[in-house]
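Okay, so here's the structure we're looking at.
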Amino acid sequence: MELCVIGAGYVGLVTAACFAEMGNRVVCLEHDKARLAQLREGQCPIYEPGLQALLQAGLRSAQLSFSDDCSLALARAEVVFIAVGTPSHEDGSADLQQVLAVADSLGRHLQRACLVVNKSTVPVGTAERVAKQIAAGLRSRGARFVVEVASNPEFLKEGSAVDDFLRPDRIIIGSDSAQAMQCLQRLYAPFVRNRERILLMSPRAAEFSKYAANAFLATKISFVNELAGLCSHLGVDIEQVRRGIGSDSRIGSHFIYAGCGYGGSCFPKDVRALVHCAEQQGYQPAILQAVQARNSEQKTLLFQALREHFGGVLRGRHVAVWGLAFKPGTDDLREAPSLVLLDALLAAGAQVQACDPAALAGVAGRYPQALASGQLRLSEDPYSCVEGADALVLVTEWKQFRQPDFIRVRGLMRRPVLFDGRNIYDPSELSTLGYLYHGIGRPRVGHCKVTAA
Ligand SMILES: NC(=O)c1ccc[n+]([C@@H]2O[C@H](COP(=O)([O-])OP(=O)(O)OC[C@H]3O[C@@H](n4cnc5c(N)ncnc54)[C@H](O)[C@@H]3O)[C@@H](O)[C@H]2O)c1
């Protein structure tokens, strides 16, 4: 099929590259000039395992191309995917500016009937809004063809986006048109051996399903984090409790890991948008509000624990931080818990030395002054990162940090003190090695005298 994907971000680029891989001809429309230049050179502008290879293969076979010319990109398109950003407004509602700008542009540039498919995460009713806006644009030019709009929310996960797209758990197609549904079923057929993975529903139900999925996962995380806080009071290890409840198939073992909070480009903004939507309807979203409050609190826990450990004074302390991206496998820093920690540490006068396999460039862009003054040091190597540190904090559980040589780490640090923001380490092993270990919702283990900075 001839496709156009609008927006070459995490969702759009993966969508374009994967559809091209399956033999479709895809033009990806991107208006960011620097990003476009990189893409045309075969350079992937984001860190996403497997994406660079797909991108280069698509360019080589000419199944995939990039453009900033809307008319050109749409000229042959049978299906047009919208995959632009939907950030939060100040009040928490979804900012649809980018989506509606695309709708406007489609109304002005489309020259033939096609199916428009929205992949961006949008509030209920947006497909209707987009359809109306395109129709108004077509009418104003006297165009006589009809453009259908379907909803096809995306469920890929950053860090495994290519794999998720190629082997999806489910594909949701929201449309009132049998023809549109058939077209998308055909397009997605190569990705789903089992056709039952394609779920057909109304556009509104499809739009809502995406918010419901993200809100549910965020709720699981906040729920376990709340229990972790209680565990700290009771001297219970949340990790034992996690195993205790996760083995129940009704509960399941996913997304019940206690930690320093969820971040990313989706959960926080999507929960906010759902809360806003409920409030607009005069319906109180009590659970979702609590989920947000718990998560905001959770993101401050590591700093609070560090401050307590150092008797309230962090000035002059050297704190090493492992992992900055909002989760392993991505360079995405949007709403990452690491940023809350870094902001607080720098404001408190600590010396910060941080390490991440993919997100250092993004962090450098956010803290130019701290870098220039030497208060923040960035390192690609976990071991040089901990040199002279008074404490080490694990924030993002990249594989590189899962099984370090703790004897070597101990030798490099000034004090063997470890704050495990993801509960990935074994407290008793670390205590045996002489560390003072703090987890989230786990009893503190080991001893370490705090000396003057
Ligand atoms: N990132 C994820 O993991 C993920 C997963 C599922 C759903 N989503 C949803 O998908 C949507 C896109 O998310 P993302 O993370 O890919 O966003 P992103 O910010 O990474 O990418 C959006 C891209 O669209 C481009 N763009 C915006 N307007 C344009 C226009 N008019 N013409 C051409 N290009 C334009 C931007 O320059 C940018 O490159 C959001 O609604 C998000 O909630 C994201």
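Worth a mention:
- A straight chain from residue 34 to residue 373 at 0.36 nm per residue would run longer than the Cα-Cα distance by 119.1 nm.
- Within the accessible area of the chain (1.4 Å probe), percent carbon and sulfur: 51
- Peptides 405-412, 216-223 ranked from most to least packed give 216-223, 405-412, packing being the mean of other C-beta atoms within 10 angstrom over each peptide's residues.
- Accessible area per residue was computed with a 1.4 Å probe on protein heavy atoms; residue 331 scores about 40 Å².
- Note on residue 431: accessible area approximately 40 square angstrom, rounded to 10, probe 1.4 Å, nucleic acids and ligands left out.
- Helix 10-21 and the longest principal axis of the Cα set of the chain meet at an angle near 60°.
- Annotation: lysines with alpha-carbon distance below 29 angstrom to residue 220 (same-chain offsets under eight excluded): 119, 157, 210, 269, 299, 327, 399.
- On a per residue basis, the convex hull of the C-alpha atoms belonging to region 211-297 measures out at 97 Å³.
- Degrees between helix 267-280 axis and first principal axis of the chain (Cα, 0 to 90, nearest 10): 60
- By accessible area with a 1.4 Å probe, ligands and nucleic acids excluded, highest first: order of 251, 424, 46: 251, 424, 46
- Anisotropy class of region 388-443 from Cα gyration tensor, a/c 1.5 cut: rounded
- For 89, 233, 438, 254, the ranking by accessible surface with the largest value first comes to 233, 254, 89, 438, using a 1.4 Å probe.
- Cα shape, region 2-201, gyration tensor, a/c 1.5 rule: rounded
- For region 1-153, accessible area per residue (1.4 Å probe, heavy atoms of protein chains only), Å²: 42
- Label-reachable residues, region 200-241, where backbone N falls under 20 Å from a point 7 Å from residue 293's Cα toward its Cβ: 215-233
- Within the chain, DSSP assigns beta bridges of which about 5% are antiparallel (rounded to the nearest 5).
- DSSP-assigned coil residues among trypsin sites (Lys or Arg not before Pro) in region 239-345, each with at most 11 further Cβ atoms within 10 Å: 250, 315
- Loop-located GluC sites (Glu not before Pro) in region 353-439, at most 16 other Cβ atoms within 10 Å (DSSP): 380
- Only DSSP H runs of four or more residues enter the estimate; each adds -39500 (n - 2.57), and after division by the residues of the chain the mean residue ellipticity at 222 nm equals -13000 deg cm²/dmol.
- Three-way shape label, the chain, alpha-carbon gyration tensor, a/c 1.5: prolate
- Taking chymotrypsin sites (Phe, Trp or Tyr not before Pro) across region 242-303, the ones in a DSSP loop with at most 14 further Cβ atoms lying within 10 angstrom of their Cβ are 283.
- For the pair residue 286 and residue 405, a Förster radius of 56 Å applied to the C-beta separation gives a FRET efficiency near 0.75, rounded to the nearest 0.05.
- Segment residue 169-residue 233, length gained on full extension (0.36 nm per residue, minus Cα span): 19.2 nm
- Nearest 10 degrees, 0 to 90: helix 203-234 Cα axis against the chain principal axis: 10
- Compactness of region 335-420 - radius of gyration and Dmax, Cα, Å: 12.4, 34
- Taking all protein chains together and a 1.4 Å probe, the residues 109, 31 rank 31, 109 from largest to smallest accessible area.
The values are calculated or read from the model by the stated rules, or taken from the named source; none is laboratory data. Remember, it's a predicted structure, so these values are computed and weren't measured experimentally. Ideal geometry is used to build each Cβ from the backbone, glycine not excepted, and the neighbour counts take in all protein chains shown. Side chains are part of the model used for accessible areas, which takes the heavy atoms of the whole protein and leaves out ligands, DNA and RNA. Shrake-Rupley method; radii C 1.70, N 1.55, O 1.52, S 1.80 Å.
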